[in-house]
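Written out below as structure tokens is the structure these notes cover.
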Amino acid sequence: MPEFRFPLLELNTMSLRITDGSHFSPTPQTSGKPIANVKDMRVGKIDIDSCTIISIKDFNLLKRNGCSPEKGDVLFSKDGTIGKTILYTQDEEIVTLSSIAIIKLKKEHSANFVSQALKFDHATRQIDILTSGSALRRLVLGDLKSLKLPAPPLSEQRRIADILDTIDRTIEDTRRIIAKLQAARRGLLHDLLTRGLDERGQLRDPEKNPELFQDTVLGRVPRAWEVKPANHVCLAILDCINRTPPETEHGYAVLKTPNIRDGRLVASTLTFTDAKSLGKWNRRGSPKRGDVVFTREAPAGEACVLPDMDEVCLGQRVMLYRPNPEVMVSEFMLLSIYSQHVQDTIDKWTGGSTVGHLRVGDVRKLPFLVPPLAEQNRISELVGQQNLREQKEQAQLAKLQTLKRGLMEDLLTGRVRVTVGESEAAKRLQAEPEPPANIPFEPHHIPTFDPAVHFRASAGADPAAQTDWVTQAREIAARQQVQAYSREALDRAVHDLAELSMTLDGILQVPDVLKAAGVRFVLLKHPKGSKTSGAAFWLDAEAKPPTQPVVALSMRYPHIDVFWFNLFHELGHIWHGHAAVMGKELVTYSDPAPAEKEAHAYAREALIPEAVWQPYLQSGNHTVGGIHAFARTVGRHHATVAGRLAHDLDAFNRFNSGEHRSAVPKDLFDRLLLRLGGSL
């Protein structure tokens, strides 16, 4: 049990009322009002469209009986799937069934905070104890009321809820991105496996060029393709012994059906066996890298390409394809298995049942699409790029979820205290505040410049505020783990970052790209008076040579072009190995030191090389359409082009509209902050 520095109160003590919904199910109607069940609870809301509709009469009866939540109530699922939690903020009137509890909090407690606390491990462990031993998981109201939750002061409750809500929104944004990428991958896969790619890398068009297509047992496919059974495209097809080997705590991995899902190997659930069993189960042949592992039952038709790993053996109901490299590429064989036509064939042969199975003979004669090898490789590469994007977002999702658990542990126990008072929080909310996830800046009041830091700031900056900012940035950077730094690695990173600058989402990749180059990256709101846009320094400034560079940016001017230019400017200091000098050499944009001029030139060249820029600048084609066209040509965001035009032509008013120089959306900065983790 974690150590709490807040009092623990029973939920009943924190609440005005805890009740549940209807204990009978009204007759569904085609028109009327919605009644919600656990199945209708989504992340942060009730899905009104999925609710059952009941009569107005039944609805009004249940409403009078207290089965209707009001705005600001907490909804908690207590039957079946226990623990779904929603702060109800919707305008729609609903009633609920008894599987959903309705919690109305006292005014001295934040409903948003309580909804987060109910998802904390401390609460879920209590729930597990209270519901253990029951065949049907159900939390009765009396037990729900007895749950003990942390109860910090109201102002802290609100601040903690703000922070956790921000990361929840970021998690949901990432899930939506993943869902879009998955939909895009399905669409891409369908097109590639029915139309293929011609010599120019373009999809063939069956309507314009029907002569390029043919009808086969796997549907209409390009005429240049063949359809062959598995035993004609494989060097070997191996079946396992018809049982699973004995398990040991350590040893050699056993590939079972649960380890093979959605085209990937699920290594987290692998079990193991001993050397003697490994030899027995592999007497027909040992799986090796590049083999395609295939499930013939529970369910049939899942597959993955075996990665480079230690010796493994096949479990029950798992088979192995070893494609002939002169006929079939492993990655393309995997795509072919997941094509709609092959999956339809598997469904037909298994009777369309999730518990149906393929016979060994069926697996050997399963038909495959066989394009020319060059086309297989092009298709596999395209899908692989799409998969990589999805995997990166999945990895980010996992990081965010880990960050959320860590934040809950710190904030809900009181191990880390937030210091925003209620009145201060209200002022900030009214005045377009810092991102909610950025815990308030706490100055250290060191009234001297740091002599080993290059600042990028406006005239009139407060030296103490600048030092406060850098001190906190230094502390954050020191916690980060990065690869070894080299100028060559930085060159590669700058090239990649310049390409990423074309899209808004490219900003989210900055920390990982710089991490791989050995550069620590910090995003930190500047304190009042610092007028700081960015800084570059070395954690080991005394070393000869230093090897631990840091780039820190504030969110002072959150324009897209400013973000990228400031980033490359500070990277220019790192690339040139500038040793910062205390005093006037650090000061302003208006009177830059020689090192600042070098960093300025580096940033310009990295973003848009002068050889490309000058002809466009002289062309005069500076309309919105012209800016967008040039941006597409050079692969940069149009705001980068507009920002440079504003600078070079001294025409900021002309190029300062939203369609020219748009701002980085606040939620994107929130997501970037959360990905950095240590900058919170």
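Residue count for the range 177-189 satisfying the condition of being open to solvent by 20 Å² or more (accessible area, probe 1.4 Å) and either in contact (Cβ under 8 Å) with a residue 40 or more places away in the chain or in contact with a strand residue (DSSP E or B) (Cβ under 6 Å, 6 or more places away or on another chain) (or both): 6.
How about the range 59-111: which strands (runs of 3 or more DSSP E) wholly inside it have at least 1 residues that are open to solvent by 10 Å² or more (accessible area, probe 1.4 Å), in contact with a Phe, Trp or Tyr (Cβ under 7 Å, 6 or more places away or on another chain) and modelled with pLDDT of 95 or more?
Because the criterion is at least 1 residues that are open to solvent by 10 Å² or more (accessible area, probe 1.4 Å), in contact with a Phe, Trp or Tyr (Cβ under 7 Å, 6 or more places away or on another chain) and modelled with pLDDT of 95 or more, the strands (runs of 3 or more DSSP E) in the range 59-111 that meet it are 85-87.
Looking only at the range 239-269, residues that are hydroxyl-bearing (S, T, Y) and open to solvent by less than 30 Å² (accessible area, probe 1.4 Å) come to 1 in all. Counting residues in the range 123-140 that are more than 22 Å from D168 (Cα to Cα), touching an Asp or Glu at 6+ places or on another chain (Cβ under 6 Å) and charged (D, E, K, R) gives one or more. Pairing residues of the range 267-282 that are in contact (Cβ under 8 Å) with a residue 40 or more places away in the chain with residues that are open to solvent by 20 Å² or more (accessible area, probe 1.4 Å) and β-branched (V, I, T), at Cβ distances under 8 Å and at least 6 apart in sequence or on separate chains, gives T273/T248. Would you please name the residue that is modelled with the lowest pLDDT, looking only at residues in the range 423-434 that are assigned to a helix (DSSP H, G or I) and surrounded by fewer than 14 Cβ atoms within 10 Å (Cβ to Cβ)? It comes out as L429.
When the range 19-47 is filtered for residues that are part of a loop (DSSP other than H, G, I, E, B), β-branched (V, I, T) and touching a helix residue (DSSP H, G or I) at 6+ places or on another chain (Cβ under 9 Å), the ones remaining, listed by number, are T27, V43. Looking only at residues of the range 190-233 that are under 35 Å from the mean Cα position of the chain (by Cα) and part of a helix (DSSP H, G or I), we find that the one that is surrounded by the most Cβ atoms within 10 Å (Cβ to Cβ) is L193. When residues in the range 481-537 are screened for being open to solvent by 10 Å² or more (accessible area, probe 1.4 Å), of a type outside the set (D, E, K, R), part of a loop (DSSP other than H, G, I, E, B) and at pLDDT below 90, 5 of them pass. Could you figure out which of (1) surrounded by fewer than 20 Cβ atoms within 10 Å (Cβ to Cβ); (2) in contact with a Gly (Cβ under 9 Å, 6 or more places away or on another chain); (3) outside any strand (DSSP E or B); (4) not aromatic (F, W, Y) isn't true of A236? Here A236 clears every test but (3). In the range 544-551, is there at least one residue being among the β-branched types (V, I, T), buried (at least 17 other Cβ atoms within 10 Å of the Cβ) and in contact with a Leu (Cβ under 7 Å, 6 or more places away or on another chain)? The answer is yes; a qualifying residue exists. Scanning the range 262-280 for residues that are assigned to a strand (DSSP E or B) and not polar (S, T, N, Q) yields R264, L265, F272. Looking across G251, G301, G201, one residue alone is closer than 21 Å to R378 by Cβ, touching a helix residue (DSSP H, G or I) at 6+ places or on another chain (Cβ under 8 Å) and of a type in the set (G, A, S). It is G201. Of all residues in the range 159-176, those being buried (at least 20 other Cβ atoms within 10 Å of the Cβ) and touching a helix residue (DSSP H, G or I) at 6+ places or on another chain (Cβ under 7 Å) number 9.
Report, ordered by the first and then the second residue, all pairs with beta carbons closer than 6 Å, sequence separation of six or more or different chains, a first member in the range 646-673 that is within 30 Å of D165 (Cβ to Cβ), and a second member that is open to solvent by less than 70 Å² (accessible area, probe 1.4 Å) and among the aromatic types (F, W, Y). From residues that are within 30 Å of D165 (Cβ to Cβ), the pairs are V664/F563. Which residues, taken from the range 29-54, are open to solvent by less than 30 Å² (accessible area, probe 1.4 Å) and either touching a Pro at 6+ places or on another chain (Cβ under 7 Å) or at positive phi (or both)? Within the range 29-54, I35, C51, I54 qualify. The set of residues in the range 12-28 that are in contact (Cβ under 8 Å) with a residue 24 or more places away in the chain and open to solvent by 70 Å² or more (accessible area, probe 1.4 Å) comprises N12, L16, R17, H23, S25, T27, P28. Among the residues of the range 607-636, count how many are in contact with a Leu (Cβ under 8 Å, 6 or more places away or on another chain) and open to solvent by 20 Å² or more (accessible area, probe 1.4 Å). Selection size over the range 607-636: 2. Applying a threshold of 9 Å to beta carbon distances and a minimum spacing of six or more residues, or different chains, the list of pairs starting in the range 309-327 at a residue that is closer than 27 Å to E226 by Cα and ending at one that is of a type in the set (K, R) and buried (at least 20 other Cβ atoms within 10 Å of the Cβ) reads V318/K256; V318/R296; M319/R296.
The values are calculated or read from the model by the stated rules, or taken from the named source; none is laboratory data. Please read these numbers as outputs of a predicted model, since none were measured by experiment. Using ideal geometry, Cβ is built from the backbone for each residue, glycine included, and neighbour counts are taken over all protein chains shown. Side chains are part of the model used for accessible areas, which takes the heavy atoms of the whole protein and leaves out ligands, DNA and RNA. Shrake-Rupley method; radii C 1.70, N 1.55, O 1.52, S 1.80 Å.
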